[in-house]
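Q: One structure, pasted below without further comment.
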Amino acid sequence: MASLSIRGVSRRYSGTDGDVHALDNVSLEIEHGEFVVLIGPSGCGKSTLLNLIAGLDPPDSGELWEDDKRITGPGRDRSVVFQDGALFPWLTVQKNVEFGLKQMGLSPIERKRRASFYLKLVHLSQFVDSSIHELSGGMKQRVAIARALALEPNALLMDEPFAALDAQTREDLYRVLHEICERTPTTIVFVTHNVREAVCLGDRVILLSSRPGRIHAEYTIQLARPRFVDDADVASMARRISDVLKEGLDASRREEYDADWVPAEAGVLRPVDGVLGDNI
């Protein structure tokens, strides 16, 4: 049985420009322990789909299931990591990770044990007593990941968690996620705009079409872990996915997308003024 089952899900909502058809008849099966990445053009419904899986938003039609239980709202079996981390600045690193465990009613000893284990997993054991304002952006995201994992959910849902970080910090966090995949059975659903990031991390990459979001293509990534963004195989697969992504855009958006890139030595494409710097 799949860990997560998305069955014919559609979602509309009212926006500033009127009614928005975000998702249309999306069906997807995600296996236990699988790392699935959702990618596609802006506004295609990636984050909307993640919110539906998290139970933060209901579908207009269709159903979502976690194992044999229908998803009707948030649950401890699904933890979410947002782009900004959403940490409590008045609590230490340790207390942030313990917060959800305290709400679950776990004993102080068990809370400390779990927090220590997951902070070690994200390489923050030396910062347990630090204040949040003392941490870098990458370290804050490590705390957010540890806090989510400490609940020991069946699924970890990540909504562009590295988008605001510099390239080196992102690569450090990719290694952390590879270790998490090796050492925990957690299913991960990850939203990104970054094609190389998707290939570097995922077991499977799901490409959504322009709005309304539908599954346009999917790719199984059969590359050994750990992977790195500058690996030739990662770059080659990312280029294939990027080409399909551009095919799904209208002509004006393709031109805008291509205009952000110029040829460099050895045929490598590089960004102009940092625009879309890591999308391919």
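Q: Taking 0.36 nm per residue of separation and subtracting the Cα-Cα distance, what length does fully extending Val20 through His123 add?
A: Residue separation times 0.36 nm, minus the Cα-Cα distance, leaves 32.9 nm.
Q: Here's a follow-up. Based on the Kirkwood radius over alpha-carbon pairs, what value in µm²/s does the Stokes-Einstein equation return for the translational diffusion coefficient of the range 1-138 at 37 °C and 0.692 mPa s?
A: Roughly 188 µm²/s, to the nearest whole number.
Q: Can you list residues from other chains, or at least 5 along the same chain, whose modelled amide H is less than 5 Å from the amide H of Ser61?
A: Ser10
Q: When the accessible area of the range 113-184 is split by element with a 1.4 Å probe, what percent falls to carbon and sulfur?
A: Carbon-and-sulfur percentage of accessible area, whole number: 44.
Q: Then there's this: From largest accessible area down, sort Arg239, Arg76, Arg170; use a 1.4 Å probe on the protein chains.
A: Largest accessible area first, the list is Arg76, Arg239, Arg170.
Q: For the range 137-143, just list the computed ³J(HN,Hα) in residue order, Karplus coefficients 6.51, -1.76 and 1.60, θ = phi - 60°, integers in Hz, with x standing in for Gly and Pro.
A: x, x, 5, 4, 5, 4, 4
Q: At a 1.4 Å probe radius, which order do His133, His178, His32 fall into by accessible area, largest first?
A: His133, His32, His178
Q: Using the 2.2 N^0.38 Å rule of thumb for compact globular proteins, work out how the range 45-123 stacks up: its C-alpha Rg over that value, please.
A: My calculation over the Cα atoms of the range 45-123 gives 1.33.
Q: Still on this structure, I have one more. Report Rg (one decimal) and Dmax (nearest whole number) for the range 192-243, counting Cα atoms only, units Å.
A: When restricted to the Cα atoms of the range 192-243, Rg and Dmax are 11.0, 34 Å.
Q: Can you grab the distance from the C-alpha centre of the range 35-54 to the C-alpha centre of the range 132-158, Å, no decimals?
A: If we compute the Cα centre of each part, the gap is 19 Å.
Q: Report, in deg cm²/dmol and to the nearest 500, the calculated mean residue ellipticity at 222 nm for the chain, where each DSSP H run with n ≥ 4 adds -39500 (n - 2.57) and the sum is divided by the residue count.
A: Helix contribution divided over all residues of the chain: -11000 deg cm²/dmol.
Q: Whole percent per 10 Å bin, from 0 to the bin with the longest distance: what is P(r) over all C-alpha pairs of the chain?
A: Values per bin, smallest distances first: 6, 28, 34, 23, 8, 1.
Q: Mind jotting down a quarter of the surface of the convex hull over the alpha carbons of the range 113-207, in square nanometres, one decimal?
A: The number I arrive at for the range 113-207 is 6.2 nm².
Q: I'd like to check one number: the per residue accessible area of the chain, probe 1.4 Å, reported in Å² as a whole number.
A: Per-residue value: 47 Å².
Q: Moving to a separate point now. On a 24 Å Cα-Cα criterion, which of the cross-link pairs Lys95/Lys140; Lys69/Lys95; Lys120/Lys140 come out too long?
A: Pairs exceeding 24 Å: Lys69/Lys95.
Q: With θ set to phi - 60° and the Karplus curve 6.51 cos²θ - 1.76 cosθ + 1.60, what are the ³J(HN,Hα) couplings of the range 34-45 in order, to the nearest whole Hz, using x for Gly and Pro?
A: 7, 10, 10, 10, 9, 9, x, x, 4, x, 8, x
Q: Working with all protein chains in place, sort Met158, Met104 by solvent-accessible area computed with a 1.4 Å probe, largest first.
A: Met104, Met158
Q: So which aspartates and glutamates pass the test for Lys102, namely a Cα distance under 18 Å, with those fewer than 8 places away in the same chain ruled out?
A: Hits, sequence-local ones excluded: Asp77, Glu110, Asp129, Glu152.
Q: Springs between alpha-carbon pairs under 10 angstrom, Gaussian network model over the chain: which of Ala146, Ala232, Ala217 fluctuates most?
A: Maximum fluctuation in the GNM of the chain, among the listed residues, is at Ala232.
The values are calculated or read from the model by the stated rules, or taken from the named source; none is laboratory data. All of these numbers come straight from a predicted model, not from anything done at the bench. Heads up: the accessible areas ignore ligands, DNA and RNA and are worked out on the full protein's heavy atoms, side chains in. Shrake-Rupley method; radii C 1.70, N 1.55, O 1.52, S 1.80 Å.
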